[in-house]
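Comments concern the structure below.
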Amino acid sequence: MNDFLEIARGTTPLIVSMPHTGTDIPADIEARLVSPWLGRRDADWWIEKLYDFAPHLGASVIRTRISRTVIDANRDPSGASLYPGQATTELCPTTNFDGEPLYRDGHEPNADEIAERRKRWFDPYHAAIADEIARVKAQHGVAILWDAHSIRSVIPRLFEGELPNLNFGTNGGTTCAPALADTITDAASRAPFSMVVNGRFKGGWTTRYYGRPRENVHAIQLELACRTYLREHVGHVDETNWPVDYDPGFAAPLRALLTEMLTSCIATGSRHEPH
């Protein structure tokens, strides 16, 4: 049973995927970790709350409750790096974003366990995305996949300085039609947030794998710096200051922008004439 998946089917061409909001870690895996907190620290905290308006717009939403420490649903399942030459984490991470070990010595997953985790959690999550893309494309003639992420604003191992508020990724313009990307980024440019397109984060495996504009399947990733919607403690984090609580009032300006951008995606998709 795929009870770790949350799937809400919408009525529009838009699909919002959430691969990193999960915090569930099976007990047998958690017992091997350095600490339960460390195993959950790098989650995309409260993204599911930030985007809880999406179903009311008619978007489909697909989310896994499994922690990225168990398996990262946004990595190449072959194990190939998405960012060659740059620091990153694996399909089944053995370190966190700061390079600290997640597992106690000798308790890291081996190749057989990684294959089993992929079969149990990674494959069903992506089967759900593929099925939803096929469904909405058959209905609307087009599918638009929005991969929703967040990350702490300062992580020296991964990037220099402070990350821009909004980090859009289309793998160098290959996963999304330019007109759709421009519509989204134009809205972002009018908001009081810093932004970059295809900067440090160009889109993970999900965006790169599914984005096929010539086949009327468009994919875009938005990586949010956490300070954009949370009262983030920027700098060193520990169990006393991370994660912070979700504050709807603080997140309201970003939610307004997200609503505008997702609505523009739906409008663009709805103008597409089915074949």
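Which numbered condition trips up ARG75, out of (1) modelled with pLDDT of 95 or more; (2) surrounded by 22 or more Cβ atoms within 10 Å (Cβ to Cβ)?
So ARG75 meets the others, but not (1).
Here's a check for you: in segment 169-189, which residue that is assigned to a loop (DSSP other than H, G, I, E, B) and touching a Ser or Thr at 6+ places or on another chain (Cβ under 9 Å) is farthest from VAL154 (Cα to Cα)?
Per the stated criteria, the residue is ALA177.
Within segment 150-167, which residues are within 21 Å of THR64 (Cβ to Cβ) and surrounded by fewer than 23 Cβ atoms within 10 Å (Cβ to Cβ)?
ILE151
Any idea which residue in segment 226-243 is surrounded by the most Cβ atoms within 10 Å (Cβ to Cβ), counting only those that are within 22 Å of SER194 (Cβ to Cβ) and free of Cβ contacts under 8 Å to residues at least 24 places away in the same chain?
Going through the qualifying residues, I end up with HIS233.
Going by what's in this entry, would GLY39 be described as in contact with a Leu (Cβ under 6 Å, 6 or more places away or on another chain) and either modelled with pLDDT of 95 or more or crowded, with 24+ Cβ neighbours inside 10 Å (or both)?
yes
Among what's in segment 9-34 and is surrounded by 15 or more Cβ atoms within 10 Å (Cβ to Cβ) and polar (S, T, N, Q), pick the residue that is farthest from VAL136 (Cα to Cα).
Going through the qualifying residues, I end up with THR23.
Any residue at all in segment 95-107 that's among the small types (Gly, Ala, Ser) and within 20 Å of SER35 (Cβ to Cβ)?
yes
Within segment 199-232, which residues are among the basic types (Lys, Arg) and in a loop (DSSP other than H, G, I, E, B)?
Scanning segment 199-232 gives ARG200, LYS202, ARG231.
Which one of these does THR268 not meet: (1) hydroxyl-bearing (Ser, Thr, Tyr); (2) without any contact (Cβ under 8 Å) to a residue 40 or more places away in the chain; (3) touching a Ser or Thr at 6+ places or on another chain (Cβ under 8 Å)?
Going through (1) hydroxyl-bearing (Ser, Thr, Tyr); (2) without any contact (Cβ under 8 Å) to a residue 40 or more places away in the chain; (3) touching a Ser or Thr at 6+ places or on another chain (Cβ under 8 Å) one by one, THR268 breaks only (2).
If you go through segment 78-94 one residue at a time, how many are farther than 19 Å from PRO156 by Cβ and modelled with pLDDT of 90 or more?
Number satisfying all stated conditions: 3.
Each row is one residue, and each column tells you yes or no for (1) more than 18 Å from the chain's Cα centre (by Cα); (2) assigned to a loop (DSSP other than H, G, I, E, B); (3) in contact (Cβ under 8 Å) with a residue 12 or more places away in the chain.
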{"site": "GLU113", "(1), (2), (3)": "yes, no, yes"}
{"site": "LYS137", "(1), (2), (3)": "yes, no, yes"}
{"site": "ILE155", "(1), (2), (3)": "no, yes, yes"}
{"site": "LEU163", "(1), (2), (3)": "no, yes, yes"}
{"site": "ASN167", "(1), (2), (3)": "no, no, yes"}
{"site": "ALA191", "(1), (2), (3)": "yes, yes, yes"}
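Quick one: would you say ALA128 is within 21 Å of THR69 (Cβ to Cβ) and touching a residue at least 24 places away in the same chain (Cβ under 8 Å)?
Yes, satisfied.
The values are calculated or read from the model by the stated rules, or taken from the named source; none is laboratory data. All figures in this text were calculated on a predicted structure; none of them were measured in a lab. Here Cβ is always computed from backbone atoms with ideal geometry, including for glycine, and neighbour counts include all displayed protein chains.
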